[in-house]
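J.: Sharing a structure with you now.
The values are calculated or read from the model by the stated rules, or taken from the named source; none is laboratory data. Small disclaimer: the values here were computed from a predicted structure and weren't measured. Virtual Cβ from ideal backbone geometry, glycine too; neighbours counted across all protein chains shown. Ligands, DNA and RNA are excluded from the accessible area calculation, which covers all protein heavy atoms including side chains. Shrake-Rupley method; radii C 1.70, N 1.55, O 1.52, S 1.80 Å.
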Amino acid sequence: MSANIMLKSVPNTMTVLRLAAAPLVAALIWADDPEVGYPVALVLFILASVSDFFDGWMARRLRIVSKFGTMLDPIADKVLIGVCLLALAKVTSDGWLFFVPALVIMFREFFVSGLREFMAGRSVSIPVSQLAKWKTTLQLVAIGVLIAAPVCPEMEFVNTAGLVVLWVSALITAQTGIAYFRGTLDHVFSS
């Protein structure tokens, strides 16, 4: 295999690895082990989150954007965020302070995915907005901080900081979902 072909496969490989890491990170969170589970989950989560930036940057920079990568990248993001939120929901003691923003995030992701599928059936694409990219970044930061909180229980502010960022990301998540819906109203309600 030539170096050029190997280089072209790196972004997609990073996306596939991010997708594969998601259930492992979730299982480590679910185990609720501050000594080993959370530190390993945090390292894997950070690597997966950083790969989200680098796979897209590399694909654009080297002009090797593929249909497979374009399709799989947002799925990998949603799976990583979704399964981590579900695992955190099992172990959190924050109650509604965690569940409300987590539900907003999950609802919006399903809603916009369905909206994109509907619009694709009408041959209309919905491009990702810059604000939507920021909401993904904030979601990843919030989850990372919440995974880190049990590693350093003496620093109670870490969990609080994670919840604050989660709420901010949920507000932006809702805003982007509403914006996408408003932008498609003519197509949704036309016959």
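J.: From V188, V91, which residue is at pLDDT 90 or above and of a type in the set (A, V, I, L, M)? Give the steps one after another, and end with the answer.
T.: Details: V188 fails: at pLDDT 90 or above.
Exactly one of V188, V91 is at pLDDT 90 or above and of a type in the set (A, V, I, L, M), namely V91.
J.: Among L72, L103, L97, which is modelled with pLDDT under 95 and not small (G, A, S)? Explain how you work it out, then say what you get.
T.: On the way: L103 fails: modelled with pLDDT under 95; L97 fails: modelled with pLDDT under 95.
Just one listed residue meets the conditions, L72.
J.: A follow-up question, please. Checking V43 against (1) open to solvent by 20 Å² or more (accessible area, probe 1.4 Å); (2) under 22 Å from L166 (Cα atoms); (3) more than 17 Å from the chain's Cα centre (by Cα): exactly one of these is not met. Which one?
T.: (3)
J.: If you don't mind, there's one more thing I want to ask. Taking region 120-135 on its own, how many of its residues are among the aliphatic types (A, V, I, L, M), open to solvent by less than 50 Å² (accessible area, probe 1.4 Å) and at pLDDT 85 or above? Can you show your working first?
T.: Step one: list which residues in region 120-135 are among the aliphatic types (A, V, I, L, M), which gives 120, 124, 126, 128, 131-132.
Those left that are additionally open to solvent by less than 50 Å² (accessible area, probe 1.4 Å): 124, 126, 132.
Checking the rest, the ones that are also at pLDDT 85 or above come to 132.
Of the residues in that region, 1 qualify.
J.: Within region 48-68, is even one residue touching a Pro at 6+ places or on another chain (Cβ under 6 Å) and either loosely packed, with under 15 Cβ neighbours inside 10 Å or modelled with pLDDT of 80 or more (or both)? First the steps, then the outcome.
T.: Step one: filter region 48-68 for residues touching a Pro at 6+ places or on another chain (Cβ under 6 Å), giving 55, 58-59.
From the residues that got through so far, the ones that are either loosely packed, with under 15 Cβ neighbours inside 10 Å or modelled with pLDDT of 80 or more (or both) too are none.
Looking for residues that are touching a Pro at 6+ places or on another chain (Cβ under 6 Å) and either loosely packed, with under 15 Cβ neighbours inside 10 Å or modelled with pLDDT of 80 or more (or both), one finds none in region 48-68, hence no.
J.: Still on this structure: If only one of I81, I105 is among the β-branched types (V, I, T), over 12 Å from P23 (Cα atoms) and open to solvent by less than 40 Å² (accessible area, probe 1.4 Å), which one is it? Spell out the reasoning first.
T.: On the way: I81 fails: over 12 Å from P23 (Cα atoms).
Going through I81, I105 in turn, the sole match is I105.
J.: Residue pairs, Cβ under 6 Å, 6 or more apart or interchain, first in region 133-149 and within 15 Å of R108 (Cα to Cα), second among the small types (G, A, S) and not in a helix (DSSP H, G or I). List them.
T.: none
J.: Here's a follow-up. Select the helices (runs of 4 or more DSSP H) contained entirely in region 1-114, then report the ones holding at least 2 residues which are without any contact (Cβ under 8 Å) to a residue 24 or more places away in the chain and in contact with a helix residue (DSSP H, G or I) (Cβ under 8 Å, 6 or more places away or on another chain).
T.: Of the helices (runs of 4 or more DSSP H) lying wholly inside region 1-114, those with at least 2 residues that are without any contact (Cβ under 8 Å) to a residue 24 or more places away in the chain and in contact with a helix residue (DSSP H, G or I) (Cβ under 8 Å, 6 or more places away or on another chain) span 3-31, 37-61.
J.: Which residue out of V151, V168, V141 is of a type in the set (V, I, T), more than 21 Å from L28 (Cα to Cα) and open to solvent by 20 Å² or more (accessible area, probe 1.4 Å)? I'd like the intermediate steps shown before the answer.
T.: Working: V151 fails: more than 21 Å from L28 (Cα to Cα); V141 fails: more than 21 Å from L28 (Cα to Cα).
When all the criteria are applied, what remains is V168.
J.: Let me ask another. Kindly indicate the residue of region 89-101 that is open to solvent by 10 Å² or more (accessible area, probe 1.4 Å) and hydrophobic (A, V, I, L, M, F, W, C) and also nearest to Y38 (Cα to Cα) among those meeting that condition. Spell out how you get there, then give the answer.
T.: Here is the first cut: in region 89-101, the residues open to solvent by 10 Å² or more (accessible area, probe 1.4 Å) are 89-97, 99-100.
Within this subset, residues satisfying the condition of being hydrophobic (A, V, I, L, M, F, W, C) are 89, 91, 96-97, 99-100.
Values: A89: 14, V91: 11, W96: 22, L97: 21, F99: 20, V100: 23 Å.
Only one residue tops the list, namely V91.
J.: Give me a count of the residues in region 163-191 that are of a type outside the set (A, V, I, L, M) and over 15 Å from M106 (Cβ atoms). Steps first, please.
T.: Here is the first cut: in region 163-191, the ones of a type outside the set (A, V, I, L, M) are 167, 169, 173, 175-177, 180-184, 186-187, 189-191.
Next cut, over 15 Å from M106 (Cβ atoms) only: 175, 180-184, 186-187, 189-191.
Total meeting the criteria: 11.
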